[in-house]
Amino acid sequence: MLIRLLRMYLTKYRSLIIAVIALQLVATAAMLYLPTLNADIIDRGVAAGDTGYILSTGGWMLLVSLVQIVCSVAAMYFGAKAALGAGRDMRHDLLHRVNEFSAREVGRFGAPSLITRTTNDVQQVQLLAVMSISILVTAPIMGIGGIAMGMHVALPISWVLVVAVPVLGITMGLIIGRMIPAFRSMQERIDNVNRVMREQITGIRVVRAFVRERYETQRFGVANDELADATLKVGRMTALMFPAVMLITNLTLIAVLWFGGHAVDDGSVEIGSLTAMISYVMQIMMSVMMASFLAMMAPRAGVCAERICEVLDTESSVHSPAVAEEQTADAAIVEFDDVEFRYPGAAEPVLCGVSFTTAPGTTTAIVGSTGSGKTTLVNLIPRLLDTTGGVLRVGGVDVRDQDPDLLRAGIGVVPQRPYLFSGTVATNLRHGRPDATDDELWEALTV
């Protein structure tokens, strides 16, 4: 899912990614070349007392370093631009897909989960994309190039690298393998904290009215503790990763110095070559650490990518007809004809055998206890949900045969909690009577 998602959104920025790869190649090649120049200064300049060679090679090292810095900065800039652009496009598509959902899909995912997927999950994938574009090119080149250059400058002790690199790779693989389920659990618990917090903010008046503050505090505390436990579990494994890398790196350096010292003593390796070998060991281990850092982020980003793709791949249960029909009667006529609605997996329908007609200029009251289906019935009219049985007509035409946008454009809703979704108070008041004067608006407000 992660690779599919990154390929889908990074393809648009192919030219930037190609530029990043080219710049990283130059920067990494320059980095690998520097220890060899340093070895030449020691072996040919310092050992021979040739000041001119030291100055000329030192100047060449400064030029190579400048090229490396410029290329690295430019690569990070272009890489960040591509990754952040992909994140923006991802959030855009998620928002539009969620706006297409019916109440059934929103209920299936839950508003807190949709919020987390659009914000935190996209941020994790975006962060991985930023790191991948830069590290994914640098780490392999630096690792493989470091091994090759290390074998070139000090072949007798290069076997140390052949042993150390696989050991480090296996250690990182074992740690990262345990992190994947922990990251999935952590994202689910973030959803849970968002859900509890959202419910408490929305129902704060009811909580206070029934003196439920202590209960809600405990409820949030449980969700918060579960998230903390999951985060600590991930944190412990993350904390184990870097000491493991440093331990293997330091043991490798000790082996290089030990066996390299004997090689220098018997004349098979020069001092400058040993110094270069140490630099290459550090570069190789740095490349493995960079790859490990990327691999550490990949499990969480992979879980987030699965959650994002789940939303993007979900189609709304409310579809627009291939050919929309126009209303044949007064749009104010709403007719329920033996309407039934059943939620997916429910044993019993919420609404069953509902039949009535509302005429223009009249008021119809839907009365019932909590949970009797009043809101569900109203949601059927603008097709926030689709009937599972019977026929619902608005303006004499089945709502499933009408364009949803045109259908909803003719429906005004006054929610129980008044708020402005768009426009001003005046434009919302004029929804029912576009030609209303200011005096009439003030009269309506007074009422």
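Could you please rank MET179, MET246, MET286, MET142, placing first whichever residue has the fewest other Cβ atoms within 10 Å of its Cβ?
MET246, MET286, MET179, MET142
Taking Rg/Rh (Cα atoms, Kirkwood Rh) as the quantity of interest, determine which of (i) 1.22; (ii) 1.18; (iii) 0.98 was computed from the displayed structure.
Evaluating Rg/Rh (Cα atoms, Kirkwood Rh) on these atoms matches (ii).
Could you work out the relative contact order of the range 8-124, using alpha carbon pairs under 8 angstrom and six or more residues apart, expressed as a whole percent?
Details: 69 pairs, mean separation 40.1, N = 117.
The normalised contact order for the range 8-124 reaches 34 percent.
Apply the Debye scattering formula to the range 365-424, with a single equal point scatterer on each alpha-carbon and no solvent, then give log10 I(q)/I(0) at q = 0.18, 0.25, 0.27, 0.30 Å⁻¹.
Debye curve over Cα of the range 365-424, log10 I(q)/I(0) at q = 0.18, 0.25, 0.27, 0.30 Å⁻¹: -0.77, -1.18, -1.24, -1.34.
Would you calculate a helix-derived [θ] at 222 nm for the chain, using -39,500 (n - 2.57) for each DSSP H run of n ≥ 4 and dividing by the full residue count, to the nearest 500?
Mean residue ellipticity at 222 nm (helix-derived): -23500 deg cm²/dmol.
Quick check: the distance between the Cα centres of the range 147-191 and the range 263-302, to the nearest angstrom?
When both Cα centres are located, 12 Å separates them.
Take the alpha-carbon centre of the range 228-248, take the same for the range 379-447, and report the distance between them in whole Å.
55 Å
Rounded to the nearest 10 degrees, what's the angle between the helix 122-153 long axis and the longest principal axis of the chain, both from Cα atoms, 0 to 90?
10 degrees
So if a site counts as exposed when it's one of the chymotrypsin sites (Phe, Trp or Tyr not before Pro), its DSSP state isn't H, G, I, E or B, and it has at most 15 other Cβ atoms within 10 Å, what's the longest stretch of the chain without one?
Result for the longest clean stretch: 1-209.
Fewest Cβ neighbours within 10 Å first, please rank VAL350, VAL165, VAL211 accordingly.
Lowest count first: VAL211, VAL350, VAL165.
How much length is gained on full extension from THR202 to VAL46, taking 0.36 nm per residue of separation minus their Cα-Cα distance? Could you put the intermediate results ahead of the total?
Numbers: separation 156, 0.36 × 156 = 56.16 nm, distance 7.45 nm.
Working it through step by step, the gained length comes to 48.7 nm.
Quick one: length gained pulling TRP258 to ALA239 fully straight, 0.36 nm per residue minus the C-alpha distance? Provide the component values of the computation, followed by the final result.
Working: separation 19, 0.36 × 19 = 6.84 nm, distance 2.94 nm.
Gain on stretching TRP258 to ALA239: 3.9 nm.
I'd like the orientation of helix 271-312 relative to the chain: the angle between its Cα long axis and the longest Cα principal axis, in ° from 0 to 90, rounded to 10.
That helix lies at roughly 10 degrees to the long axis.
Size of the dipole of the chain about the Cα centre, Lys and Arg at +1 and Asp and Glu at -1 on the beta carbon, nothing else charged, in debye to 20?
The dipole magnitude comes to about 1000 debye.
As a footprinting exposure proxy, order ARG88, ARG383 by other Cβ within 10 Å, with the fewest listed first.
Least to most surrounded, the residues fall as ARG88, ARG383.
Once both axes come from the Cα atoms, what is the angle between helix 51-100 and the longest principal axis of the chain, in degrees from 0 to 90, rounded to 10?
10 degrees
How high is the relative contact order of the chain, in percent, with contacts defined as C-alpha pairs under 8 Å that are six or more residues apart?
19 percent
Just so you know, all these numbers are worked out from the coordinates, no wet-lab data involved. From a predicted model like this one, the values you see are computed outputs, not experimental measurements. Heads up, the Cβs are rebuilt from the backbone with ideal geometry, glycines too, and the neighbour counts pull from every protein chain shown.
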